[in-house]
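This is the structure I want to talk about, given as structure tokens.
The values are calculated or read from the model by the stated rules, or taken from the named source; none is laboratory data. All values derive from a computational prediction rather than experimental measurement. Cβ placement follows ideal geometry from the backbone for every residue including glycine, while neighbour counts extend to all protein chains displayed. Note: areas computed on protein heavy atoms with side chains; ligands, DNA, RNA excluded. Shrake-Rupley method; radii C 1.70, N 1.55, O 1.52, S 1.80 Å.
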Amino acid sequence: MRFVDEFRDPQLAKTLLEQLHQRAGLLPYTADKPLQIMEVCGGHTHAIFKFGLDKLLPPQLEFIHGPGCPVCVLPMGRIDACCEIAAHPEVIFCTFGDALRVPGQHGSLAQARERGADIRVVYSPLDGLRLARENPARQVVFFALGFETTQPVTAVTLQQARRERLTNFSIFCQHISLMPTLRSLLSQDDVRIDAFLAPGHVSMITGAAPYHFINQEFGKPLVISGFEPLDMLQSVLMLVKQVGEASCKTENQYRRVVPEQGNLLAQKAMREVFTLSGSSEWRGLGMIERSGISLTSAYAMFDVERRFSPQAQPVADDPRSRCGEVLTGRCKPHQCPLFGTGCTPHNAFGALMVSSEGACAAWYQYRHQEATIASQPQHKQQQKVSQDE
Ligand code: SF4
């Protein structure tokens, strides 16, 4: 298959679903205690809601939404640190748009910009590098976020900055590594995950090998999946086959994009620039060993924390929000008491509602509309007519 339409072919989807229903019916799972498949990546979460895949699954299977959105796992205190750095008059602070509206304890970066901070939305760290060249009298800071998907481009940007001996460019390094995050999730007593759909984009960089501990140490099957509906249905079928055959391995459904070894050049750049740096705290996940990423000594001069020493700002999450529980699959977005009332995409309380990859934003975009339509008198009338017919 070469074109998007082919990955959304209704006939192929029907065939896959028939196989899925047939195989799932043979598993020792029920609607009350379904096989829980965590889709780690926010891109998968959006595809599930956009195409209604969760509604097509047999009742013995359930998707639970994982922590694979880097903005969503960012603790509030890091946003406060960003605002503190951006408040320095000489700083041009660059960020991806997703992070702009994430609330910190003292407001978001968008609000800091309204207060006068020079905060600019960029599409790549290379845009930040260009700004540094164009503004030699200013300090340009890039807010470096993301799992292994975005780390290579930050690494390459810093390699370029080093070659050019730029002294007015630095990064606030908040990259996070996926594997310690998954290990931490699996180590929590009250989190039940039976199988994983692994993110295609991260895997494109890492390859399949880093996931093997999930099979070997935790006994969970995992399939690296693409993002189109047929990709995901096929991946779920692969997982169900594994469970049915009592096998437990890492499989790669997304072979057209994910090489088995990953991207070796990207891995080399990441090794040169980044190092895992002890424990780090993430929203909803708590303290995770060896999950923080910092710059190697050769690149330490690009570390903004050395230049501005922002205050460490531990901030407890608001007890009313259930962001952490949604991130770890303990509850669904609409079960948060703030969902759709105190927390909407226009007035977000938590990052999962702000980020375009957040589970709450996906639920709100696709399921909230359904709930609204279903509650409209006209819709109820139409339903009644069709029932009467
Ligand atoms: S609705 Fe808002 S506060 Fe509640 S879990 Fe989602 S993002 Fe967090």
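In the range 351-389, what residues are modelled with pLDDT of 85 or more and either among the charged types (D, E, K, R) or open to solvent by less than 70 Å² (accessible area, probe 1.4 Å) (or both)? Don't jump to the end; show me each part of the working.
Filtering the range 351-389 down to residues modelled with pLDDT of 85 or more leaves 352-353, 358-366.
Of everything in the range 351-389, those that are modelled with pLDDT of 85 or more and either among the charged types (D, E, K, R) or open to solvent by less than 70 Å² (accessible area, probe 1.4 Å) (or both) turn out to be Leu352, Met353, Gly358, Ala359, Cys360, Ala361, Ala362, Trp363, Tyr364, Tyr366.
Right, another one. Sort out for me the helices (runs of 4 or more DSSP H) sitting completely within the range 24-134 that have 2 or more residues that are free of Cβ contacts under 8 Å to residues at least 24 places away in the same chain and open to solvent by 10 Å² or more (accessible area, probe 1.4 Å). Spell out the reasoning first.
Working: elements: 42-51, 53-56, 76-86, 109-114, 125-134.
So the answer is 53-56, 109-114, 125-134.
Go through the range 139-203 and tell me which strands (runs of 3 or more DSSP E), entirely inside it, have 2 or more residues that are open to solvent by less than 10 Å² (accessible area, probe 1.4 Å) and under 16 Å from Phe302 (Cβ atoms).
Counting at least 2 such residues, we get 139-146, 169-175.
Let me ask something else about it. All but one of (1) part of a loop (DSSP other than H, G, I, E, B); (2) within 6 Å of the ligand (Cβ to nearest atom); (3) at pLDDT 85 or above; (4) not basic (Lys, Arg) hold for Thr341, so report the exception by its number.
(2)
Sticking with this structure for a sec: So Asp9 ticks every box in (1) over 25 Å from Trp363 (Cβ atoms); (2) open to solvent by 70 Å² or more (accessible area, probe 1.4 Å); (3) at pLDDT below 95 but one. Which box is left unticked?
(2)
Would you say Val326 is in contact (Cβ under 8 Å) with a residue 60 or more places away in the chain, within 16 Å of the ligand (Cβ to nearest atom) and crowded, with 19+ Cβ neighbours inside 10 Å? Spell out how you get there, then give the answer.
Values: in contact (Cβ under 8 Å) with a residue 60 or more places away in the chain: yes; within 16 Å of the ligand (Cβ to nearest atom): yes; crowded, with 19+ Cβ neighbours inside 10 Å: yes.
Yes; evaluated as a whole, the condition is true for this residue.
Results for (1) open to solvent by 80 Å² or more (accessible area, probe 1.4 Å); (2) more than 14 Å from the ligand (Cβ to nearest atom); (3) farther than 30 Å from Arg138 by Cβ, shown as yes or no for each residue.
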{"residue": "Leu265", "(1), (2), (3)": "yes, yes, yes"}
{"residue": "Leu276", "(1), (2), (3)": "no, yes, yes"}
{"residue": "Trp282", "(1), (2), (3)": "no, yes, yes"}
{"residue": "Gly286", "(1), (2), (3)": "no, yes, yes"}
{"residue": "Thr296", "(1), (2), (3)": "no, yes, no"}
{"residue": "Pro319", "(1), (2), (3)": "yes, no, yes"}
